[in-house]
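Before any comments, here is the structure.
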Amino acid sequence: MSSQKKRNFKIEAFKHKVEVDPKYAEKTWKILEHAIHEIYNHNASGLSFEELYRNAYNMVLHKYGEKLYAGLVTTMTWHLKEMSKSIEAAQGGFFLEELNRKWADHNKALQMIRDILMYMDRTFVPSSHKTPVHELGLNLWRENIVRSSKIQTRLVSTLLELIQKERTGEVINRGLMRNITKMLMDLGSSVYQEDFEKPFLEVSASFYSGESQQFIECCDCGEYLNKAERRLNEEMERVSQYLDAKTESKITHVVETEMIANHMQRLVHMDNSGLVNMLVDDKYDDLSRMYNLFRRVPEGLSTIREVMTSHLRETGKQLVTDPDKLRDPVDFVQRLLNEKDKHDKIISAAFNNDKTFQNALNSSFEYFINLNNRSPEFISLYVDDKLRKGLKEVSEEDVEMVLDKVMMLFRYLQEKDVFEKYYKQHLAKRLLSGKTVSDDAERSLIVKLKTECGYQFTSKLEGMFTDMKTSQDTMQGFYASQSASDSADGPSLAVQVLTTGSWPTQPIAPCNLPPEILGVCERFRTFYLGTHTGRRLTWQTNMGTADMKATFGKNQKHELNVSTYQMCILMLFNSSDRLTYKEIEQATEIPASDLKRCLQSLACVKGKNVLGKDPMSKDIAEDDAFMVNDKFSSKFFKVKIGTVVAQKESEPEKQETRQRVEEDRKPQIEAAIVRIMKSRRVLDHNNIVAEVTKQLQSRFLPNPVVIKKRIESLIEREFLERDKADRKLYRYLA
């Protein structure tokens, strides 16, 4: 392949010098100027845009860009001044329409001019740091139209006047408003903000300040909130229709400040319609509206919360300290639950399930429930009532619901160990009398208590159920071991063997059982101790029941269901027609308080008076005499004779229970102190008190004075010692 010869190219200068017509620039500009006039006069259809573009291109190419730019500024300014006169001349409602029309004309013209001068815009403008054509057109419009002395004030006052008309219910041309505010935004955010938004917000604040004052004088709280909500929605809709989206937060802030923030206290405390009235009357819509409006302003929700908490604590305090409402424990607890349900529903339906409101509700309940030191006892009595009879023929879901509500109240208790004490007593009575409505419900509550407080809390309660099951098996074994003659002869026996410690049994002097019963009791004792070595049986005669067959005058036969004590009393009348109180007391050795209650229920209760009393009165005196009431009759064959007993504990019983609780707390406090000191080795007094309180608060709130006494006791028993240098410091002794 032959190599090509390298060629050298040379560019030579023009042989003839090119002369530019000295009047070229002037002539070309005249053509372009005429075209701009024609564009503004709506005669652009006859123009050749290609030729005009070429002319503008050549002018820039021949270094006449400055002349072209200056000419453009002058021509556009002249046309805008002419437009300004036309706009100023427009009267009334035509002012904005004329402004809008001229703005549309200017924009259209600006687009065509920019197309013709595109080359200048791309080359000359950046290199000489001039303003681009489109931006120049907007700046000139701003200076000559929007900010001209005769238009600027008129424009803002017209816009504000139209908005005022709309606020008072008139219909305005929203499309025109949208175009004008869009024009202000196109001219730059500062133009929109300075020339319209700022005065708009000032006028709005003044308007809503006056209107809110007017409303609050003539409306109740619910009506006022309704109007405030409507105004807020109107302003948001106005922004979406024809204002800048950024204005929304500013105008809503004005409405919120003037209509809500400035009147919060007056609204929530308004007579006969404020927050408390809404809560009392369950006005969910008004409460929801108040919540949604108040949450928009600083301190709004905390204001509602404070008033609600104050109201709750006041009503709760009245509920737990009113003697009339404390007469019936079941009704008392039901009132508490109703109050809780009511406010739970309000928080759910009106306050958007707000956690801070839920916490306020919980703290209020905890406050007033613990004002009454009988609350643990009453809650246990409520459970007792429900599990005895209140939940019969109720679905499992409803049973669970009731138990969950009880647990909710239980969580508020500071003295959970007091509740445990009473609950154990009531559970024992239910189990031993066979009165529990459902074993499943009983166990379900124990599981809930276990989840809440741990195994320690329920271990003895579970032990009670175990004893009941074991007792059934024991009785089957006992009767299987008896001969037919033993079983047929004498009364039948059903024994519940209770483990000491699991059951709330008290050491009491046993009463004298009738000889007929003693025989079968002894046979059971022999059988039980024969199969369980090393155990001791003590009869709890105060806890048993008996079914007796009785024959009254005219051969009237009944089956009486009575307590063990009542059975002992009635059996005496098999061998005596008349007995004095003293004789009965001597024969049975039943404790005096129990004996009086038993005799009262046997002789003084209408329809259950199987005994007669001389003299006849409601109370039992020591010189009273008793006899069988031969005239006794009942439409029922089986007659249950209860013992007259107060549902609540009497004052001495209450003191005794309180004392037992205090005694039970001592070892728990000591154990907590030892646990803490074992891990910390050295600790000062205040920190020990704080740590012990923290550890035990799930069961009870220990008294600092008691903690101090337990520390002293541990020092005496050499578990701890005081620091020799600092008496407030304690050391653990291993």
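The values are calculated or read from the model by the stated rules, or taken from the named source; none is laboratory data. Bear in mind that the values here come from a model prediction, so they are computed numbers and not experimental data. Cβ coordinates were reconstructed from backbone atoms using ideal geometry, including for glycine residues, and neighbour counts include every protein chain displayed. In case anyone asks, the SASA skips ligands and DNA or RNA and just uses the protein heavy atoms, side chains included. Shrake-Rupley method; radii C 1.70, N 1.55, O 1.52, S 1.80 Å.
Here each label is just a point 7 Å from Cα along the line to Cβ, and for ARG578 and LYS27 those points are 15.8 nm apart. Using DSSP loop states and a limit of at most 15 other Cβ atoms within 10 Å to flag GluC sites (Glu not before Pro), what is the longest stretch of the chain containing no flagged site? It works out to 394-588. Atom-type composition of the exposed protein surface of the stretch 350-444 places 44 percent of the accessible area on carbon and sulfur (1.4 angstrom probe).
Rounded to two decimals, the Cα-based Rg/Rh of the chain, with Kirkwood Rh, is 1.33.
For the stretch 374-496, the average shadow cast by the Cα convex hull is 9.0 nm², which is a quarter of the hull's surface. Placing unit charges on the Cβ atoms only, positive for Lys and Arg and negative for Asp and Glu, gives the chain a dipole magnitude near 2380 debye about its Cα centre.
In terms of Cα atoms, the Rg and Dmax of the stretch 23-123 work out to 15.1, 50 Å. How much of the pair distance distribution for the stretch 334-444 lies past 21 Å, counting alpha-carbon pairs only, in percent? It works out to 41 percent of all Cα pairs.
Our estimate of slack between ALA205 and LEU729, defined as 0.36 nm per intervening residue step minus the Cα-Cα distance, is 182.2 nm. To one decimal place, what Kirkwood hydrodynamic radius in Å is obtained for the stretch 87-159 from all pairs of distinct Cα atoms? About 13.7 Å, per the Kirkwood formula over Cα pairs. The lysines within cross-link reach of LYS227, meaning a Cα-to-Cα straight distance under 22 Å and a gap of 8 or more places when in the same chain, are LYS165, LYS250, LYS283. Mean projection of the Cα convex hull over all viewing directions, computed for the stretch 99-231: 10.4 nm². For the stretch 59-114, the calculated P(r), taken from all Cα-Cα distances in 10 Å bins from zero up to the bin holding the longest distance, is 21, 40, 24, 12, 4, 0 percent. Average accessible surface for the stretch 159-299: 47 Å² per residue, computed with a 1.4 Å probe over protein heavy atoms with every protein chain in place.
Grouping the Cα pair distances of the stretch 683-728 into 10 Å bins from zero gives a pair-distance distribution of 26, 54, 19, 2 percent in increasing distance order. What lysines could a cross-link reach from LYS81, if we take a straight Cα to Cα line under 16 Å and drop same-chain neighbours fewer than 8 places away? The qualifying lysines are LYS102, LYS150.
For VAL639, nonlocal amide neighbours, meaning residues 5 or more places apart or on other chains whose placed amide H falls under 5 Å from its own, are GLU559, LEU560, ASN561.
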